[in-house]
Every structure is written in C-alpha cells, then in structure tokens.
1. What strands (runs of 3 or more DSSP E), lying completely within region 67-132, carry at least 3 residues that are among the hydrophobic types (A, V, I, L, M, F, W, C)?
2. Is there a residue in region 620-628 that is touching a helix residue (DSSP H, G or I) at 6+ places or on another chain (Cβ under 6 Å) and more than 26 Å from Glu686 (Cβ to Cβ)?
3. Does region 239-288 hold any residues that are closer than 28 Å to Ala327 by Cα and among the β-branched types (Val, Ile, Thr), and which are they?
4. Here are Gly321, Gly360, Gly328: which of them is over 30 Å from Glu398 (Cα atoms) and either over 14 Å from the mean Cα position of the chain (by Cα) or part of a loop (DSSP other than H, G, I, E, B) (or both)?
5. Is region 385-398 home to any residue that is open to solvent by 10 Å² or more (accessible area, probe 1.4 Å), among the charged types (D, E, K, R) and over 23 Å from Pro439 (Cβ atoms)?
6. Hey, could you check region 345-361 for residues that are charged (D, E, K, R) and at pLDDT below 95 and say which is surrounded by the most Cβ atoms within 10 Å (Cβ to Cβ)?
7. Out of Leu657, Leu623, report the one residue that is within 30 Å of Met302 (Cβ to Cβ) and in contact with a strand residue (DSSP E or B) (Cβ under 9 Å, 6 or more places away or on another chain).
8. Against the conditions (1) open to solvent by less than 30 Å² (accessible area, probe 1.4 Å); (2) modelled with pLDDT of 95 or more; (3) farther than 24 Å from Phe191 by Cβ, where does Trp278 fall short? Just the number, please.
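The values are calculated or read from the model by the stated rules, or taken from the named source; none is laboratory data. Quantities reported herein were computed from a predicted structural model and do not represent experimental measurements. Heads up, the Cβs are rebuilt from the backbone with ideal geometry, glycines too, and the neighbour counts pull from every protein chain shown. Just so you know, the surface numbers come from the protein's heavy atoms only, side chains and all, with ligands and any DNA or RNA stripped out. Shrake-Rupley method; radii C 1.70, N 1.55, O 1.52, S 1.80 Å.
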Amino acid sequence: VDGKMCGSDIGRTRAPQATGITTLDDFLKASKIDKAAVAAEAASTVPKPEKKPPAESEEKNPFCVLVCGGGNAAQVATAMFALRYPTIAVSLYADEAAKWKEALGDDDYELTLDTGKVVKSKPDDITNDPSVAAKADAIVLAVPSFAHGQYFEAFAPYMKPGTLVACMPARSGGDILFAAKLGAKAKDMVFMGFETLPWACRFTEWGRKATILGTKGSILAAVTPPAKFPQAFALMQGMLGVFPAVTESPNNLGISLRNPGAQIHPGVMYGRWCPEKWDGNPVDEKPLFYQGVEEFSESVLMGLTNEVQAIRKKMEEMVPGIDLGDAGTLHQWYLDSYAGQMTDDSSLRMCMNTNPGYRGLTHPCKDADDGKFMPDLKYRYLTEDVPTGMCFNKGLGEILGVPMPMTDKVLAWAQECIGMNIMVDGKMCGSDIGKTRAPQATGITTLAAFCEAAAIELVTSVPKSLVLDCPNFRVVFLRHGESVWNVANIFTGWADVDLSPAGELEAIEAGKCLKQNGFKFDVVFTSVLRRSIKTAWTALMHSDNYSMPIINSWRLNERHYGALQGLNKAETAAQHGDDQVKIWRRSYDIPPPSIDLDDERHPCNDPLYKNVPAAALPGAESLALTVERVLPFWFDNIAPCIMSGRSVLVVAHGNSLRAICKYLEKMSETQVLDLNIPTSVPLVYELDQRLRFVRKYYLMDPDEVAAKMAAVANQGKAK
C-alpha cells in the first residue's frame with residue numbers, strides 16, 4: 001500500500017513484516033545472524049576453501065574410490081562404496097589381492113548391514129598394482145597403521161592433485177608420515193585422519209561375504225590442511241551415509257595424541273609382565289587384560305596419560321590458538337567412548353574393570369608346558385602400538401623438552417621385548433628409529449619443522465591487528481635475564497646479584513621483541529632485586545617505552561631458598577641427591593632448610609627491607625608460601641591497573657611469576673610444578689573482562705623458547 005508492505009493480506013506472505021519484523025536488528029535476531037561474528041569472519045585473513053561448481057551428474061563426472069587392504073574393514077568398505085561409485089580394491093600384502101579376486105570370481109560381494117538388509121556389489125578391480133592410484137579421487141586406507149607408509153610410498157608417483165587420502169584409523173602421526181612419504185606432492189593432497197573405524201564388522205566367508213555388527217553413531221576426523229575440511233567432510237560423509245556422523249577435530253595432532261592404543265596396550269602389558277611384577281615363569285591361566293588392571297597397572301597408565309597431557313599443554317603454550325581439546329586423558333576417553341555402559345566410571349581402573357565390552361578378554365599368551373601359558377610379548381599390542389603410537393608421543397615430547405619418565409620406562413622395556421633399538425639413553429636416536437612414527441624418523445627435531453610437516457601455523461610474532469585491537473585485557477610477564485649466579489649454577493633466591501653479560505643481551509632482545517609487536521606500557525611492576533629492575537629498564541629502553549611509573553615491590557621477589565641460598569646447585573645435588581634437591585626446588589609445599597634471624601642472609605638484616613615488618617620476611621619458602629606472598633600484590637596493585645585499561649608489564653622471577661600464572665590458569669599444585677618460564681621471553685596473558693584466563697603466548701621463536709624451558713627444567717641436577 002503506497003509502496004509499503006502493510007496491506008491487509010501481508011500476513012499471508014513471507015515478507016518479514018508478516019511476523020511483525022520491521023527493523024534490521026529484529027530481522028537479524030529472527031534469522032539468528034550474529035552481526036559481530038559476521039564482521040569478525042569478514043575481517044579474517046584465513047582463505048575459504050575453493051568450492052567446485054556442482055557436477056551435472058555422477059555419470060558425466062565419475063568419482064573413483066580406492067580401498068586399501070584385504071581385512072574385515074577393507075572388504076566391508078569396498079562392498080559399501082562399490083554400491084555407488086567405481087571402486088578398486090588394492091592390497092600390497094603378498095598375494096592377498098590375487099586370492100581375493102579368485103575367491104570372488106564373477107560373483108557379487110554380499111554384505112549384511114547392521115539393519116539386517118543384505119546388499120550386493122562388485123568392485124571394478126582387485127589388484128596389487130599401485131598405479132591405479134592415478135584414477136582415484138579418494139583413497140581409503142583400512143590397513144594396520146604399520147603398513148600406511150608402504151601404501152603412501154607406492155601411490156606417491158601416481159596420485160593426482162586434490163586426491164583425498166583417508167586413514168581409518170590414522171593412529172599417531174599419520175599426517176607427518178604422509179607428508180614425509182609424498183614430499184613436495186603432499187601440499188597438493190588432502191589427508192584425513194579418523195580416530196577409529198566406522199563399523200564393527202567381520203567376515204562370514206572370506207573374500208565373498210561380511211557382516212556389519214554395528215555402526216558407530218559418530219567418529220572424529222581431522223583434515224590436513226584444515227582449510228580443506230569442508231571438502232573432505234562432504235566427500236567422506238557422502239560415501240559413509242548418514243551414520244556414522246563425521247565430527248570435525250581441529251587438527252590431526254589432536255587425533256594423534258588421543259590415540260588410546262599408544263598408552264593402554266603397552267601400559268597394561270608392562271603393568272603385568274615387567275620384571276617388577278613377573279618372575280619370567282609360565283602362569284596357570286591367561287590374565288584378564290582390561291578387566292584385570294590393578295593398582296600398579298593403573299599407576300603406569302596414569303603416568304603415561306599425564307605425560308601426554310604435559311605434551312598437549314606445552315604445545316598449547318608454544319603454538320598460540322591451537323585447539324587440542326580432543327586430546328583428553330585416558331579416563332576422559334573412556335567417558336566419551338563408553339558412557340552409560342560401565343557400571344563404575346569413577347576412575348580409569350574402574351572404567352576398564354567394569355566395561356562389559358571387555359568381559360573375558362585376556363592378555364595375549366602362548367601355550368607352555370603342563371597346560372600353562374607364557375605372554376606373547378611380540379603381539380601387536382607391542383609390535384604395532386609401540387612403534388606407531390608410543391614412539392610418536394615420546395618423540396614429540398623430546399622435541400618440546402617434556403620429561404616423560406614413565407614413557408621412558410615402558411618404552412625401554414618394550415623395545416627389548418620386540419627386538420628394536422629405538423631409544424638410546426633416553427633419546428629417540430636408535431638404529432630402528434626410522435621404523436617408527438616418531439617425528440625423528442623423518443628427520444624432524446625442532447618444533448618449527450614439526451609444525452611445518454603437520455601444516456600447523458606457527459605464530460612467531462603477534463599480528464599488529466591483534467596487538468592494537470585485542471578485545472581482551474592483556475598483561476605481559478617477563479622473567480629477568482640470566483644472572484651471574486645463574487651462570488655459576490648457584491641458588492640465588494633473594495640474593496641481590498646482577499645480570500650476566502648474556503642476561504643483558506637477553507633483556508635487549510626482549511625489548512626489541514616488544515617493540516616489534518607494538519607494545520606500549522602505562523605502568524611497570526618489578527621486584528626490588530636488581531636483576532629484575534635492570535631487565536625492566538633495558539627491555540623498556542629497547543622497546544621505546546620511556547615515560548611510565550615503575551613500581552618495585554618485595555612481594556614480587558624470587559622464592560627464598562633459605563639455607564640453600566648461595567650454594568652451588570650441582571654440588572648440593574651431588575651431596576644430597578637429585579631427588580632431595582628436586583623436592584626442595586620443585587615440590588609445592590616443602591620449603592628448603594630455613595636460615596635463622598641472625599644469619600646475614602636473612603632479609604631482616606638487609607637495609608633493602610627496613611620498611612617491611614620483620615615477621616613478614618621469610619627465612620625460607622616453598623612455592624606455596626611464595627604464592628601466599630605474591631597474590632595479595634596481584635589483587636591489590638596489578639589487577640586494578642589491568643581492569644582500568646592500562647597496559648601492564650610485570651618483570652619478576654621464575655617462582656613469583658609461576659605464582660601468578662597458577663592463579664590465573666587455575667593450575668593444580670602438581671601442574672604448576674611443570675611450568676618452566678624461560679628467561680627474558682615476553683609472555684602475554686589475555687584475560688576476559690573479569691580477568692579470567694583466555695589464552696597465553698610467547699613472543700619469540702618457539703624452538704628457542706623450548707630450549708630455554710628445558711634449560712630451566714634441568715637446573716639443579718648433579719653433573
């Protein structure tokens with residue numbers, strides 16, 4: 001009416017006005033369009049995957065699938081995909097392809113679905129010729145993980161750009177192996193790693209008939225490069241059908257670290273058959289495998305899973321923004337995979353003991369004399385899951401400088417069982433390293449090289465747009481540069497020693513890094529110790545930060561090492577033992593021996609603290625006591641400055657900064673002990689409007705940061 005949508009029949013139309021919508025905000029709300037999210041996406045520099053125009057028909061645009069293998073899963077996949085697409089089965093194992101082709105003859109393959117429906121199909125070919133890879137649009141590997149490299153290498157000369165390669169399952173480091181075997185061609189391919197197989201299935205007549213016992217509701221999958229996930233998802237979901245639903249995991253590293261077989265199988269085998277638990281003699285009956293896990297085996301598994309979590313945490317520190325949320329603990333994996341099936345899910349051991357799917361499953365054993373049994377220590381739980389699973393975890397942990405004592409113990413035992421030389425003196429450098437999935441097997445020894453192979457974007461500096469337009473509060477922490485007592489390997493604590501020449505250079509580099517990333521500060525906090533103050537002065541000068549208050553507080557001092565202060569760390573370790581020194585240095589609530597009030601090293605005798613109540617000054621501190629000292633200053637002084645919108649730099653010490661980080665990240669008493677903050681590397685914390693932790697990142701080269709972290713972790717050991 002008069003050019004407006006307001007006539008009496010407007011309610012019979014699809015016009016927004018028919019439902020009372022008359023403003024843009026109302027329209028966006030009804031359409032569930034987030035204006036802010038759309039704006040953020042538009043500003044993103046991440047390129048969207050190219051979309052091919054829709055094909056006119058499958059007949060004019062044939063889609064060819066290669067299925068690799070000849071086992072249960074491979075034959076089921078071949079039968080399913082051959083129903084609709086040109087499908088070629090490929091087996092490179094001995095004469096398996098010829099035997100399968102002969103068994104099937106001219107007949108169709110008969111597949112009984114878990115719905116009871118029977119379908120028949122026939123692959124276009126069954127062959128051992130890898131050159132058929134030239135025809136493939138998608139290659140599905142349903143072979144044991146130890147065979148993946150053989151297929152990648154055989155197909156590499158023939159694969160056409162854009163081919164999707166899906167591994168079911170990928171296990172650990174599948175994407176790294178793929179990149180290594182294909183070399184420069186890998187960047188033109190799409191790798192899709194699945195956590196597991198889509199179905200539980202078995203033969204009923206080899207080469208001719210099979211049955212799907214059950215189809216999973218959903219399965220995790222990750223794509224390298226991640227930008228190709230929509231394309232890969234569309235292809236694989238179309239091939240699989242409605243179920244299982246393919247759920248995106250952000251990256252293949254999450255899939256690799258999630259691999260339960262890398263921990264459970266070697267861990268349970270070690271827990272039952274290591275020298276500590278087994279005398280080497282035959283046993284009367286086969287022990288239960290999963291349901292037989294007891295306290296000792298659980299402690300082994302907990303050690304392994306905690307070390308994988310330490311790898312995850314270090315990667316998240318070193319690679320800002322990486323999402324490894326799928327790489328959960330073993331306990332969480334059971335809760336995710338078997339929810340509602342276990343009668344007791346209160347602990348990892350109970351999840352395994354009460355899982356009905358494990359009922360009656362025993363350790364792999366061989367017959368011995370007198371009806372007894374010996375363990376089969378060359379079973380796939382060790383021969384496959386150690387080289388293709390555990391070795392990946394250990395290798396990545398080595399690159400990141402993550403201590404892995406339980407993994408070292410299990411791996412040392414396992415490599416002897418399977419006759420391989422993988423780890424030598426705790427390092428992944430044995431003569432058989434090339435037969436494993438460890439990154440070192442493909443020459444990867446740095447974080448930068450690992451991220452390049454895994455197509456993980458490694459941010460070595462913060463984009464200026466992030467620095468200038470960050471919606472969160474930010475605070476920058478900086479540990480002082482190397483001191484002269486650091487060089488001498490002496491317990492420093494509250495001793496007011498100077499920076500070493502190298503420490504001065506570190507502070508200069510920190511300043512340059514801050515300048516490069518555009519940081520300007522309104523206020524700076526330091527301890528009252530000169531190594532902290534000089535680091536702050538130097539970094540500020542070299543970042544063009546000149547005019548701001550610098551507030552010094554004794555509450556930001558290093559932890560007080562009591563009677564250890566002034567002693568050589570290595571000599572102290574040699575005298576008292578590494579374990580005792582580690583307790584003094586890195587336990588949470590056990591302080592070293594205290595010094596008396598009349599000791600000249602006691603701060604009450606230092607004029608620097610004349611205005612501090614003597615009762616507040618420590619004679620020795622644990623990390624717990626350091627936290628109690630530092631946090632009041634955070635709440636009363638630093639946090640209010642951040643909340644007011646001011647740009648804050650805190651230059652302090654390893655333990656005083658750990659105290660703040662523990663609070664911000666809500667770390668447990670155990671977790672904070674593994675936090676190693678390197679010297680003179682700017683560490684940025686982003687906090688939300690209530691000063692809750694959002695994320696953190698270092699502003700220097702990740703490999704350099706990792707090396708510095710490892711150096712911090714190794715301090716105080718006997719030489």
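1. On the way: elements: 87-90, 109-112, 118-121, 125-127.
Fully inside region 67-132 and qualifying: 87-90.
2. Within region 620-628 (the criterion being touching a helix residue (DSSP H, G or I) at 6+ places or on another chain (Cβ under 6 Å) and more than 26 Å from Glu686 (Cβ to Cβ)), the answer is yes, since at least one residue qualifies.
3. Matches in region 239-288: Val242, Val246, Thr247, Ile255, Ile264, Val268.
4. Values: Gly321 fails: over 30 Å from Glu398 (Cα atoms); Gly328 fails: over 30 Å from Glu398 (Cα atoms).
Result: Gly360 is the single residue among Gly321, Gly360, Gly328 that is over 30 Å from Glu398 (Cα atoms) and either over 14 Å from the mean Cα position of the chain (by Cα) or part of a loop (DSSP other than H, G, I, E, B) (or both).
5. Within region 385-398, not a single residue is open to solvent by 10 Å² or more (accessible area, probe 1.4 Å), among the charged types (D, E, K, R) and over 23 Å from Pro439 (Cβ atoms).
6. Going residue by residue through region 345-361, those that are charged (D, E, K, R) are 345, 349, 359.
This time we only want the ones that are at pLDDT below 95, so: 345, 359.
Values: Asp345: 17, Arg359: 10.
Out of the qualifying residues, it is Asp345.
7. Numbers: Leu623 fails: in contact with a strand residue (DSSP E or B) (Cβ under 9 Å, 6 or more places away or on another chain).
Going through Leu657, Leu623 in turn, the sole match is Leu657.
8. Unmet condition: (1).
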